[in-house]
1. From the list Met44, Met15, which residue is under 19 Å from the mean Cα position of the chain (by Cα) and assigned to a helix (DSSP H, G or I)?
2. Please work out if Asn12 is of a type in the set (S, T, N, Q), without any contact (Cβ under 8 Å) to a residue 60 or more places away in the chain and buried (at least 22 other Cβ atoms within 10 Å of the Cβ).
3. State which residue pairs qualify: first residue within 19 Å of Arg189 (Cα to Cα) and inside the stretch 165-179, second residue assigned to a loop (DSSP other than H, G, I, E, B) and aromatic (Phe, Trp, Tyr) in any location, beta carbons under 6 Å apart, and separation of 6 or more residues or different chains.
4. Take the stretch 23-35 and flag every residue that is modelled with pLDDT of 95 or more and under 23 Å from the mean Cα position of the chain (by Cα).
5. Checking Pro158 against (1) surrounded by fewer than 19 Cβ atoms within 10 Å (Cβ to Cβ); (2) touching a helix residue (DSSP H, G or I) at 6+ places or on another chain (Cβ under 7 Å); (3) part of a loop (DSSP other than H, G, I, E, B): exactly one of these is not met. Which one?
6. When Val233 is evaluated against the numbered criteria (1) surrounded by fewer than 19 Cβ atoms within 10 Å (Cβ to Cβ); (2) at pLDDT 95 or above; (3) part of a strand (DSSP E or B), which criterion, by number, is the only one it fails?
7. When the residues of the stretch 289-298 are filtered to those that are touching a residue at least 40 places away in the same chain (Cβ under 8 Å) and surrounded by fewer than 19 Cβ atoms within 10 Å (Cβ to Cβ), which remaining residue is nearest to Lys311 (Cα to Cα)?
Amino acid sequence: MATPMRDGERENAAMRGILDAIREGSRFLVASHINPDGDAVGAMAAMGHLLHSLGKEAVLYNASGPPPHFSWLALPSPIRTALPQEDFDWIIALDCGDEKRGGEALQALMAARPTIVVDHHVANTLWGAINWVEPDRSSTSEMVGMLAQALGVEPAGPLGVALYLGIVTDTGNFSFDNTSPGCMEMAARIVRLGVQPGPVNELIRNQWSPARFKLWGEALAGLALHFGGRLGVIHVTAGQFARLGATGTDCEGLTNFVLRLKGCQVAQLLREDRPGTLKLSLRSVSGVNIQPVAAAFGGGGHAGAAGATLKGSIEDMEPRVTAALKNALRA
């Protein structure tokens, strides 16, 4: 494992190392975490467009594939769900807080191939040969945009749209604490170069299915409030997914929606992907750090947005997570 790079000077050195690797390399495998969100998909697409614009070969990989609600995004090449057998100069792992986030197959390949890590998660484990980790960045997409600018490639056209997708979704439309002058300046640059926020935001937001509407209705109807209404708790079962024809991606944004309730400071969602396996999603308002709670359950993330994968039932795990969040609310 490479020596950790945390201070600003060393982060700049890591960025320079990535720029050199891109200039010198010719074939790249570009990957992101399973069940990718807007930032993971946007960063992958943007990196692919960037590499292609430089005359490089880029193969995109994600073990679970792109979510259907991002099918409108122009990709430089299809996202593969099986690892190619060819050799690559570098693997570029995007938006992965640790080496497990991309799935077992990618983890095994990264152990044998030189890997570049570009990420903004505070608890990143720095497993790559080059680790550029900046927790203060709004998104991994913003960081890919910085690479593009350093390489003399303007964030225009499909590249700009992909960057805009990642920045907008990871900042909650520029409403979360991770919204910075830098990301807003990059978004402004993208817009100046011709990307139209109105049509792109419509594509980002207006992708709901009837099954998603029904799932949200049932989940929100089961909302439980704790600690004087400061914690909102919901869950979704595997049975609901099967009965309604919904999927895990239909839960995206559900936890944030709970925070709209007046007085609610933390939202907790347990999603039962299959019996015995749960996805924990936590969101909080400014000033409430829920990242240590997710870390205590084997996960990670940010101060206001974190999660973990748990083993057990909703009945067993929900009260345990709720009890752990009591301390976060006290702090």
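The values are calculated or read from the model by the stated rules, or taken from the named source; none is laboratory data. A quick note: this is a predicted structure, and the numbers were derived from the prediction, not measured. Note that we place each Cβ from the backbone using ideal geometry, even for glycine, and neighbour counts take in every protein chain shown.
1. On the way: Met15 fails: under 19 Å from the mean Cα position of the chain (by Cα).
So the residue among Met44, Met15 that is under 19 Å from the mean Cα position of the chain (by Cα) and assigned to a helix (DSSP H, G or I) is Met44.
2. Numbers: of a type in the set (S, T, N, Q): yes; without any contact (Cβ under 8 Å) to a residue 60 or more places away in the chain: yes; buried (at least 22 other Cβ atoms within 10 Å of the Cβ): no.
No; evaluated as a whole, the condition is false for this residue.
3. Taking only residues 6 or more apart or on different chains, not a single pair turns up.
4. Applying the first criterion (modelled with pLDDT of 95 or more) to the stretch 23-35 yields 23-33.
Across the stretch 23-35, the qualifying residues are Phe28, Leu29, Val30, Ala31, Ser32, His33.
5. Here Pro158 clears every test but (3).
6. (1)
7. Taking the stretch 289-298 and keeping what is touching a residue at least 40 places away in the same chain (Cβ under 8 Å), we get 289, 291, 295.
Subsequent filtering for residues that are surrounded by fewer than 19 Cβ atoms within 10 Å (Cβ to Cβ) retains 289, 295.
Values: Asn289: 23, Ala295: 15 Å.
Taking the candidates together, the pick is Ala295.
Per-residue answers, yes or no, for (1) aliphatic (A, V, I, L, M); (2) in a helix (DSSP H, G or I); (3) without any contact (Cβ under 8 Å) to a residue 40 or more places away in the chain:
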{"position": "Thr249", "(1), (2), (3)": "no, yes, no"}
{"position": "Gly287", "(1), (2), (3)": "no, no, yes"}
{"position": "Gly307", "(1), (2), (3)": "no, no, yes"}
{"position": "Pro319", "(1), (2), (3)": "no, yes, yes"}
